[in-house]
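Have a look at the structure below before the remarks.
Every number in this text was worked out from the coordinates using simple rules, so none of it is lab data. All figures in this text were calculated on a predicted structure; none of them were measured in a lab. So basically every Cβ, Gly included, is an ideal-geometry build from the backbone, and we count neighbours across all protein chains shown.
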Amino acid sequence: MDRAALADFLRRRRELLRPEDVGLGSGARRRTPGLRREEVAALAGMSADYYTRLEQQRGPQPSEQMIAAIARALRCSLDERDHLFHLTGHNAPVRVHRSDHVDPAVLRVLDRLADTPAIVVNDLGETLVENRLAAALLGSTVDLPGNERYQPWRWFMTVAEPAKYAPEQHERLARAQVASLRAAVGAAGPGDRRAQQLIADLERESPAFRELWARHEVRTRWEDHKTFVHPELGRITVDCQVLHTDNRAQALLLFTAPPGTEDAQKLEMLGVVGSQQFDASDAAR
């Protein structure tokens, strides 16, 4: 527990809030900015003395329930709430609550990307929605059956998935697949049966996955640089930007190339080429 940092964080968050932000009347003119300590304490359902001791670096370690109450009282964002848990020496609560429902705001962004290949995936690599250019670049991966809907499974258990990428990138991308999957499992917690079943199936079926999983590499991808091998257009090198939702359960992936380059011209041609069609015989080894 970092008492000094905790006290500073609580004070600064309290001073940023106005009474009207939390449903309190502004009342008479205040001598100090923000909320009073007793107001935060009341909002959190604790005694003013207990809260005051935390700001004065004298309080005991709060319980997880107490921290959550303080975070709500101070109107903390998820990142601020997690930071508050870490300052008090606790692990932050699990953020990821996986859902197949795509946020309408994310869909509105996707709808406006008519000239950019883009997909929305969940934290396990399942494509939830894709636009026309993404299907032309990658082949449609929406609504695949069973474990095939997860990219890590397709990567380690099919020939077709790695064949979409330049051979010299296979080793790096395989490690990235496993590191991202481990990050997803860590964020969702041990009760995530969907993730645990996928990992168990991969460990049982793929020696390559088992070897990489044993390395315990963990990484959430925010950006990447990839070279695709398109059956008609050949190699296309793109920048992949990854825009995560607040709880990191879903991400919008955009594939772009610098304007005026041959790669950008090939991306433009995807609209003419249409969706890739992969031979079903390529789906499994």
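List of remarks:
- Computed FRET value (nearest 0.05) for E20 with L107, which takes r as the C-beta separation and R₀ as 35 Å: 0.60
- Mean separation of Cα contacts under 8 Å, 6 or more apart, over the residue count of the chain: relative contact order %: 18
- Electrostatic tally near L124: other residues with Cβ closer than 14 Å to its Cβ, Lys and Arg +1, Asp and Glu -1, net +2.
- Using R0 = 25 Å, the C-beta based FRET efficiency linking L243 and V142 works out to 0.85.
- Sorting I70, I119 by the number of Cβ atoms found within 10 Å of their own Cβ, with the fewest placed first, yields I119, I70.
- Where trypsin sites (Lys or Arg not before Pro) fall in DSSP loop in the range 37-107, at most 11 other Cβ within 10 Å: R58
- Separation of alpha-carbon centers, the range 175-210 and the range 106-131, rounded to whole Å: 23
- Restricting the range 197-228 to chymotrypsin sites (Phe, Trp or Tyr not before Pro) that sit in a DSSP loop and have at most 14 other Cβ atoms within 10 Å of their own Cβ leaves W222.
- Overall dimensions of the chain as given by Cα atoms, namely Rg and Dmax in Å: 24.1, 76
- Local net charge near L138, Cβ-Cβ under 9 Å (Lys/Arg +1, Asp/Glu -1): 0
- Quotient of the Cα radius of gyration of the range 60-207 and 2.2 N^0.38 Å, N being its number of residues: 1.28.
- Geometric extent, Cα atoms of the range 127-285 - Rg, Dmax (angstrom): 15.9, 48
- Sequence of D192, D143 once ranked by neighbouring C-beta atoms within 10 Å, starting from the fewest: D143, D192
- Taking L74, L173 and counting other C-beta atoms within 10 Å, the order from fewest to most: L173, L74
- Percent of Cα-Cα distances greater than 11 Å, calculated over the range 50-90: 63
- In the chain, helices alone account for a calculated mean residue ellipticity at 222 nm of -13000 deg cm²/dmol, with every DSSP H run of four or more residues adding -39,500 (n - 2.57).
- The Rg/Rh ratio of the range 3-87, with Rg taken over Cα atoms and Rh as the Kirkwood radius over Cα pairs, comes to 0.94.
- Build a GNM of the chain with springs between Cα atoms under 10 Å apart, and of L124, L16, L113 the one that fluctuates most is L16.
- Once C-alpha pairs closer than 8 Å and six or more residues apart are averaged by separation and normalised to the residue number of the range 126-261, the relative contact order reads 19 percent.
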